[in-house]
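Below is one structure, written out as structure tokens; comments come after it.
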Amino acid sequence: MAGTSNLWELMTRNLRQSGIYIAFVLIVALFTVLTGGTLLSPGNLTNLVLQYSYILILAIGMVMIIVAGHIDLSVGSVVALTGAVAAVVVIREGMPWYVGIIAALITGALVGVWQGFWVAVVGIPAFIVTLAGMLIFRGLTMQTLDNVSLSPFPVAYQDIAGGFLNGLLGGPGYDVFTLLIGALAVVGFAVQQWRARMGKLTYRQPVESLWLFAVKILVVAVIIMAFAWQLANARGMPLVLILLAALVLLYGFITQHTVFGRHIYAMGGNLQAAKLSGVKTTRVNFLLFVNMGVLAAIAGIVYSARSNSAQPGAGFMFELDAIAAAFIGGAAVTGGVGKVQGAIIGGLIMAVMSNGMQIMGIDQSTQNVVRGVVLVLAVAFDVWSKKRAAAER
């Protein structure tokens, strides 16, 4: 018969995942105090969404790559290349803004095909292929732009990263539409959690007690609505947040509820066993890198729209931010473990730390030191939790 779990059992059952949520709350609380509340002000929360959305998009694809046992060092260069292609098509050639988006997505897909071929078909380690890709695509970016920046983009293109849905339903000093979206997110979360709970009970798996389940829904609802309230009192619902939410929902479903997703985890957990079980590893690896290329193109579109230009040096170090987000969010170094939601939380931790330190006036060199220390501690926590789990068996 299925049992119920108390708070301690719930937190320790999957320490790697529960720990990251606790860390996120503590880091937000710390920087809220250190910045005198500026971190959670309506304007700053909006800027957080706009400023770090492209890193979160990259983190979605990166966590899938890492779960499968690979790494991708080229995504920053792909962000630059796809943004450059969009700029050439829209700014230099004068074509409509949506043609530039299509060209950037096709470019990202072709990059994925190129890298997927060498990794999946030829069998070269992803580290080497994507390291080469980092150089190749950076060079192609410089050639595409003739080593100069291109700007500005049309307003419609800029709205991808800087546009807002505001005033659709009015509101006395705040945007009602943004609050409605927040309420729908709460309802969706509650329904998803209830269905997951019922599924576990059906298969006689342990679940949290009903009161604890209700408290969890209530806490998440308060956080979502508080966030929506702050956005509603700023400029409304950012378009890029809607895009990001759609990607999180889509890839959360793909990784957790599809055959393709299960095959990714199977390959990362034990590649030889996955092959013996009939998993078409070549196909899965190929599609993973095509998918990463497309997501890097989306990030490139968002970044170029945000900066209103395409630059030869765009996307520098983005791959490290995406990798850090995945590992901080609970992905295992050895593969087989990690979730899209965790990568998003990991990315938000990096974003909150960077934004908080910027508000405090801390110089960039110190910020890099702090971020590096956090990454090492996250991986150390992963190693410790594995040893702890092995000792309990």
Q. Solvent-accessible area per residue for the chain at a 1.4 Å probe radius, Å²?
A. 47
**Q.** Within the chain, helix-based [θ] at 222 nm, where runs of 4 or more DSSP H residues each add -39,500 (n - 2.57), nearest 500
**A.** -24500 deg cm²/dmol
**Q.** Using distinct alpha-carbon pairs, which all enter the 1/r mean, Kirkwood radius of the chain in Å
**A.** 22.1
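Using alpha carbon coordinates only, what is the Rg to Rh ratio of the range 167-234, with Rh defined as the Kirkwood radius? Don't skip to the answer; put the middle values down first.
Working: Rg = 15.4 Å, Rh = 13.4 Å.
Rg divided by Rh gives 1.15.
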Q) What ratio of Cα Rg to 2.2 N^0.38 Å holds for the range 256-379? A) 1.26
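Once Rh for the range 168-317 is found with the Kirkwood sum over Cα pairs, what is the Stokes-Einstein diffusion coefficient at 4 °C and 1.567 mPa s, in µm²/s? If you can, show how the numbers build up before the last one.
On the way: Rh = 19.1 Å.
This corresponds to a translational diffusion coefficient of 68 µm²/s.
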Q. If you project the alpha carbons of the range 45-129 onto the principal axes, what extent comes out on each, in Å, largest first?
A. 41, 35, 15
**Q.** Alpha carbon convex hull of the range 112-242, projected area averaged over orientations, nm²
**A.** 14.5
(Q) Less than 20 Å apart at the alpha-carbon level, and either on another chain or at least 8 residues along: which aspartates and glutamates does that give for Lys216? (A) Glu9, Glu208
**Q.** Under-5 Å amide H pairs with Glu208, H placed in peptide plane, nonlocal only
**A.** Ser5
Q: Using Cα centres only, tell me the gap between the range 234-280 and the range 82-160 in whole Å.
A: 23
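With a 1.4 Å probe and every protein chain kept in, tell me what percent of the accessible surface of the chain is carbon plus sulfur.
Numbers: 12820 of 18340 Å².
Here carbon and sulfur together make up 70 percent of the probe-accessible area.
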Q. Anyone know which of Gln230, Gln341, Gln143 comes out most mobile in the 10 Å Cα GNM of the chain?
A. Gln143
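The values are calculated or read from the model by the stated rules, or taken from the named source; none is laboratory data. Everything quoted here is computed from the prediction, not taken from an experiment. In case anyone asks, the SASA skips ligands and DNA or RNA and just uses the protein heavy atoms, side chains included. Shrake-Rupley method; radii C 1.70, N 1.55, O 1.52, S 1.80 Å.
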